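Below is one structure; the comments refer to it alone.
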2 protein chains.
Amino acid sequence: MAIRFEVLVRDRRSGARVGRLVTPHGTFETPMFMPVGTQATVKTLTPEELREIGAKIVLANTYHLWLRPGEDVVAEAGGLHRFMAWDGAILTDSGGFQVFSLAERRRVEEEGVYFRSHLDGSVKFMSPEVSIAVQNALGADIIMAFDECPPLEADRAYVEASAARTLRWAERSLRAHRYPERQALFGIVQGGFYPDLRVAHARALVALDFPGYAVGGLSIGEPKEVMYRILEETVPHLPEGKPRYLMGVGSPDAIFAAVERGIDLFDSVLPTRIARNGTAMTSRGRLVVRNAEYRRSWEPLDANCDCKVCRTFTRGYLRHLFHAEEMLGPRLLTYHNLYFLLSLMEGIRASIREGRFQEFKEAFLSAYYADQPHRGF
Amino acid sequence: MAIRFEVLVRDRRSGARVGRLVTPHGTFETPMFMPVGTQATVKTLTPEELREIGAKIVLANTYHLWLRPGEDVVAEAGGLHRFMAWDGAILTDSGGFQVFSLAERRRVEEEGVYFRSHLDGSVKFMSPEVSIAVQNALGADIIMAFDECPPLEADRAYVEASAARTLRWAERSLRAHRYPERQALFGIVQGGFYPDLRVAHARALVALDFPGYAVGGLSIGEPKEVMYRILEETVPHLPEGKPRYLMGVGSPDAIFAAVERGIDLFDSVLPTRIARNGTAMTSRGRLVVRNAEYRRSWEPLDANCDCKVCRTFTRGYLRHLFHAEEMLGPRLLTYHNLYFLLSLMEGIRASIREGRFQEFKEAFLSAYYADQPHRGF
């Protein structure tokens, strides 16, 4: 087995739990957030900085690396860890999400998906076999079955057919996987916003005995309450002793909600994307450092944060960097936001361990959303 | 006096020398290269990294900081050192070069220069008094007199009149300077490519007794031999016991040539600008890491370099970062190029101290330009 997972502590009042995940590239505790390194780099940061802020596992995108530089190039470099000089754990997605969101002129068939590359318009074909072959070449510690994430507006008939095909693709992904002893292949639960489809899909996937399970197709524009309800319906059908990964979620409120529904792993471009746009995550909520009010603010981004950025630079200087379009601005905010989110995960783990998860959650969220009563993101 | 300078070792076969410059923000030995931090940031790098690669003094641009964020904002932050969180030494230029190269619709008068801001087109006025007031507010350790850098194509009459005006501006800069005890004001020798004008200008400036002197108006497109000849004519007229700064020079061949003609300080955007464009400076010359030949090159940029980038990343990965337009690429090459140039300066100082400057120069340049017999940059 490529990974081992163990639940260490269970919260008595919710589904929250602390787990330990052992991978070929390090052991860490869950719940854990995975910074996104789409193109084999967590944008603007070095691996040394990722270690410094407590990242243990990063996500890289199969679709992007397949198209550029090519999985053969990465394999020749010695695999993705060597290529990007990151000795922690890596998870690669299947490419399915990008094929269905980024690529142009798609044609979905049972065999796989024909589409045009977003880079050069050339015709490409992605299937479970192609996805797994690429992920085998990249060599991440956790790899994902090839799936379809149906669009928000898909009707029941579409979602049902899509989930059935994703299930067949999951079986083909399992069969195609060449290195189960060093790469853990996770299945992805789909089924849209139909609880019965979700439950049926989860049960069928569990019968295939994957070493871990993701919940996909959420956080695509639906109201958060809908996502929480789907998690409540789905997670109880996933094995207690295996890791559960909610794809694409990185806002504090949704992380708390998912943790208390039994989720162990998260990824999202949210902290890194808003950082590049000049928005910091702080203990008092989002701070748009570009704003005029920070021109003469000589405070750190977050008085409660002890990251290197908050110990060194002021809001006024960071605002200047963004207005002057200096790369150091996005870099420093990316560092801070990931530190913030990884510290939040650490706080969550400690609170579960110490039996005060609900209290921690309420204190954190009431400060975070103090100025945003509707919890806008 | 804001600074103290002492010549520690003189090369017996050339004008090269090792000096010690004591500033309010640290002491360092010369010859030294100053990384350029135009907008109060050496592009992509943190002050911590600048310290790590051995930078002791950085240059910031008065013109840019005056327009954005405004010298009043920087002063309110506690000055430029506090604003950018750099506790090493800082030199600010006078803004003259930018007024004459960057600004639009200039009108030069005896009093100063009227021009339009390159940011918003608004009418601005820069004079010796304005420049020094801005530099006093920024608070750098070394500040520069306001001068005109005549264009390459200027005729003798223009250069002569310009140099005379620059001399009057130098006197006004001295008179306007409010903090000579904490900021050392350097004069700038102009005079174009006319040795007699250079000599006269140098002598007149020296009579004003500045604590240091720059040679300006060079490296603006003239053949390097012309620049070297001007240095040979000019430097002997500058005081032996004061620092000499050649503005805008950062290529290894020109640095060696200027060091052996008695120059102590350098600045240039070359290493940082070519880094952002994907070009590394290595012991074997320039390496354009974007090139196809490095797609599958798993060597460091420079096998002879022990910087963090060369110890960690391969050419193939760096090439990928540039092709994928990832900010980490410019960041890593900037780090490497400045490390390379600061190490070169360290090598130059050691070779002068050990009486082997000529040998060091010949060995370095023959490797650096091995593949570029015409020493193209």
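The values are calculated or read from the model by the stated rules, or taken from the named source; none is laboratory data. What you see is a predicted model; the values in this text were computed from it and never measured. Positions of Cβ are backbone-derived with ideal geometry, glycine not excepted, and every protein chain shown enters the neighbour counts. Accessible surface areas use protein heavy atoms only, side chains included; no ligands, DNA or RNA. Shrake-Rupley method; radii C 1.70, N 1.55, O 1.52, S 1.80 Å.
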Quiz item: In 10 Å bins starting at 0, how do the alpha-carbon pair distances of chain A split up by percent?
Solution: 5, 24, 33, 26, 10, 1, 0
Quiz item: Efficiency by 1/(1 + (r/R0)^6): what FRET value for B:Arg229 and B:Leu365, r their Cβ-Cβ distance, R0 = 25 Å, to the nearest 0.05?
Solution: 0.85
Quiz item: How far is B:Arg175 from the same spot in each other copy, in nm, shortest first, if each label point sits 7 Å from Cα toward Cβ?
Solution: 9.2
Quiz item: When the Karplus curve 6.51 cos²θ - 1.76 cosθ + 1.60 is applied with θ = phi - 60°, which whole-Hz ³J(HN,Hα) does each residue of segment A:3-18 get, with x for Gly and Pro?
Solution: 10, 10, 9, 9, 7, 8, 9, 10, 5, 7, 10, 7, x, 5, 8, 9
Quiz item: When the helix-only estimate is applied to chain A (DSSP H runs of n ≥ 4, each -39,500 (n - 2.57), divided by the residue count), what is the mean residue ellipticity at 222 nm, nearest 500 deg cm²/dmol?
Solution: -12000 deg cm²/dmol
Exercise. Considering the rotation that carries chain A onto chain B, locate the chain A residue whose Cβ comes closest to its axis and report the distance in whole Å.
Key: A:Met327, 3
Self-check item: Angle in degrees between helix B:195-207 and the longest Cα principal axis of chain B, rounded to the nearest 10
Solution: 70
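Label segment B:1-44 by shape, choosing from rounded, prolate and oblate, from the square roots a ≥ b ≥ c of the eigenvalues of the Cα gyration tensor; if a/c is under 1.5 it is rounded, and otherwise prolate applies when a/b is larger than b/c, oblate when it is not.
On the way: a/c = 3.89, a/b = 1.65, b/c = 2.36.
Oblate, since a/c reaches 1.5 and b/c is not below a/b.
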Exercise. Would you kindly find the accessible area of A:Glu111, with a 1.4 Å probe and non-protein molecules such as ligands, DNA and RNA excluded, rounding to the nearest 10 Å²?
Key: 100
Quiz item: Over what distance in Å are the Cα centres of segment B:192-224 and segment A:192-224 separated?
Solution: 74
Self-check item: segment B:252-268 - phi-based ³J(HN,Hα) in whole Hz, Karplus 6.51/-1.76/1.60, Gly and Pro as x
Solution: x, 5, 6, 5, 4, 4, 6, 4, 6, 9, x, 7, 10, 10, 9, 9, 5
Exercise. Run through the other copies and list how far each one's label point is from that of A:Arg116, in nm with one decimal, shortest first; the point sits 7 Å from Cα along Cα-Cβ.
Key: 4.1
Practice problem: Treating each Cα of the protein assembly as shown as an identical point scatterer and ignoring solvent, apply the Debye formula and state log10 I(q)/I(0) at q = 0.05, 0.07 Å⁻¹. | Solution: -0.32, -0.59
Self-check item: Copies compared at A:His25 - label distances in nm, ascending, label defined 7 Å from Cα in the Cβ direction
Solution: 3.8
Self-check item: For segment A:175-180, 3J(HN,Hα) per residue [Karplus equation, 6.51 cos²θ - 1.76 cosθ + 1.60, θ = phi - 60°, Hz, x = Gly/Pro]
Solution: 5, 6, 5, 8, 10, x
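Taking only the alpha-carbon atoms of segment B:86-213, what semi-axes of the equivalent ellipsoid follow from 5 times the gyration tensor eigenvalues under a square root, in whole Å, largest first? Present the calculation step by step, with values, prior to reporting the outcome.
Numbers: eigenvalues 97, 84, 29 Å².
Equivalent ellipsoid semi-axes, largest first: 22, 20, 12 Å.
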Quiz prompt | Residues of segment B:60-88 with amide N under 17 Å of a point placed 7 Å along Cα→Cβ from A:Ala292 | solution = B:68-70, B:73
Self-check item: Sequence-distant residues sharing a close amide H with A:Ser268 (under 5 Å, placed H)
Solution: A:Met34, A:Val36
Quiz item: What is segment B:1-87 by shape, rounded, prolate or oblate, if you read a ≥ b ≥ c off the alpha carbon gyration tensor as root eigenvalues and call it rounded for a/c under 1.5, prolate for a/b larger than b/c, and oblate otherwise?
Solution: prolate
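Can you tell me the order of B:323-331, A:48-56, B:130-138, B:355-363 when each peptide is scored by its average per-residue count of other Cβ atoms within 10 angstrom, highest first?
Descending mean neighbour count gives B:130-138, B:323-331, A:48-56, B:355-363.
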Quiz item: Got a number for the accessible area of A:Tyr335? Probe 1.4 Å, square angstrom, nearest 10.
Solution: 10
Practice problem: Bin width 5 Å, alpha-carbon pairs only: give the P(r) of segment A:275-369 as whole percents, running from 0 to the bin holding the largest distance. | Solution: 3, 14, 24, 23, 15, 10, 7, 4, 1, 0
Self-check item: Long-range amide H partners of B:Ala60 with built H, under 5 Å
Solution: B:Gly37, B:Leu91, B:Thr92, B:Asp93
Quiz item: Relative to the present Cα-Cα distance, how much length would full extension add between B:Tyr194 and B:Arg156 at 0.36 nm per residue of separation?
Solution: 12.9 nm
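Over the whole of A:319-326, what's the average partner chain Cβ count within 10 Å per residue? Rounded to a whole number, please.
Working: counts 2, 12, 5, 0, 4, 10, 1, 8.
That average works out to 5.
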Quiz item: What distance in nm separates the simple spin-label points at A:Glu104 and A:Arg13, each placed 7 Å from Cα in the Cβ direction?
Solution: 5.4
Quiz item: Which value, in Å² and to the nearest 10, is the accessible area of A:Arg296 when all protein chains are kept and the probe is 1.4 Å?
Solution: 100
Practice problem: Assign one of three labels to segment B:119-186, namely rounded, prolate or oblate, based on the Cα gyration tensor with a ≥ b ≥ c the square roots of its eigenvalues; rounded applies when a/c is under 1.5, prolate when it is not and a/b is larger than b/c, and oblate otherwise. | Solution: oblate
